[in-house]
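What follows is a short report on a single structure.
Every read-out reported here was derived from the displayed coordinates using simple, explicitly stated rules and does not represent laboratory data. Nothing here was measured: the structure is a model prediction, and the numbers come from that model. All Cβ positions, glycine included, derive from the backbone under ideal geometry; neighbour counts span all protein chains shown.
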């Protein structure tokens with residue numbers, strides 16, 4: 001794995017467990033020589049993650065749509081900043097660049113990006129790992145919902161296995177290293 005795409009919040013929560021997890025994740029990426037692909041912003045947990053990866057000597061590619069570039073301050077210290085015309089192009093570009101995807105605790109945008117890559121994986125458009133970094137139980141309710149949806153027949157067993165859930169950044173990256181998609185092309 002050379003590049004990992006992280007979906008993070010653009011707001012600063014001030015929650016130290018989330019910041020601590022970002023730092024550990026950045027250290028793990030540096031140790032494993034994994035570069036970061038992310039949304040390109042300076043603010044919130046996404047900016048904190050970019051700062052931590054850069055501080056550890058890693059490479060960081062930001063992908064920002066024009067509409068957000070005009071409203072949000074892009075990170076100015078990135079290895080590369082890619083500006084796309086639309087949010088859809090942004091997601092396409094992130095999927096192209098990354099070898100795997102991690103959703104950190106975040107809001108609507110984070111969830112939108114997570115569900116986008118899970119949906120693409122479900123249909124066999126990519127066979128890359130999709131993980132949730134379940135810091136401090138943040139994703140417990142979503143994981144319970146996934147399990148409920150599988151129990152009710154809305155997810156197949158293979159589809160449910162697409163969402164890899166770990167609370168430790170190193171453990172999540174360990175799973176990514178040996179990942180084989182449970183979807184053959186549904």
### Query
Considering only helices (runs of 4 or more DSSP H) fully contained in the stretch 132-180, which possess at least 1 residues that are within 20 Å of residue 110 (Cα to Cα) and touching a strand residue (DSSP E or B) at 6+ places or on another chain (Cβ under 7 Å)?
140-151, 169-177
### Of all residues making up the stretch 19-57, the number that are touching a helix residue (DSSP H, G or I) at 6+ places or on another chain (Cβ under 7 Å), closer than 19 Å to residue 84 by Cβ and buried (at least 24 other Cβ atoms within 10 Å of the Cβ)
4
### Message
Go through (1) in contact (Cβ under 8 Å) with a residue 12 or more places away in the chain; (2) in a loop (DSSP other than H, G, I, E, B) for residue 14 and report which single condition fails.
### Response
(1)
### Task
May I ask you to list the residues in the stretch 72-130 that are touching a residue at least 60 places away in the same chain (Cβ under 8 Å), part of a helix (DSSP H, G or I) and over 27 Å from residue 141 (Cα atoms)?
97
### Those residues of the stretch 138-186 which are touching a helix residue (DSSP H, G or I) at 6+ places or on another chain (Cβ under 7 Å), surrounded by 15 or more Cβ atoms within 10 Å (Cβ to Cβ) and farther than 16 Å from residue 120 by Cα, in sequence order
146, 150, 165, 166, 167, 169, 173
